[in-house]
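Okay, structure first, notes after.
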């Protein structure tokens, strides 16, 4: 076991670190300012009533009713736009946090993979050194056995003795 490399396994006795997502978030003040601007566009009743004014014609209850209806419709549309703006900012923040977390996990996996490759290469190097040592020991032993099993060839000498 290689203790010089940091371990990715956490001790069960240690609590997990408090991870605070550092994902980019939309500024709440800007979202609030945009929402306030959308809410500030209310007041379409007065604008609608002024649009219906004609020279020489006094305002009647019909014009006021139509202006009220147009203003209410515009106010609800402005509120819906403001809520859509807030929801869009919230969704963008959630998506950014998820993307940040996914990136962190993939970087951690890549780092663990590199670390495991380093450990594997060190193991392979140690195995290769052991194999080399075993090969040289084996060669030395074969040499020793070869020397021990060598015998002098007496056949030319014996031929000469028996031929005379």
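Does residue 60 qualify as being more than 30 Å from residue 126 (Cβ to Cβ), modelled with pLDDT under 75 and more than 37 Å from the chain's Cα centre (by Cα)?
yes
It is to be established whether one or more residues within region 54-62 are in contact with a helix residue (DSSP H, G or I) (Cβ under 8 Å, 6 or more places away or on another chain), surrounded by 10 or more Cβ atoms within 10 Å (Cβ to Cβ) and assigned to a helix (DSSP H, G or I).
No, that holds for no residue.
Taking only pairs six or more apart or across chains, which ones have beta-carbon atoms under 7 Å, a first residue in region 62-87 that is closer than 14 Å to residue 40 by Cβ, and a second residue that is outside any helix (DSSP H, G or I)?
75/42; 78/41; 78/42
The values are calculated or read from the model by the stated rules, or taken from the named source; none is laboratory data. Quantities reported herein were computed from a predicted structural model and do not represent experimental measurements. Backbone-built Cβ (ideal geometry, glycine too); neighbour counts: all protein chains shown.
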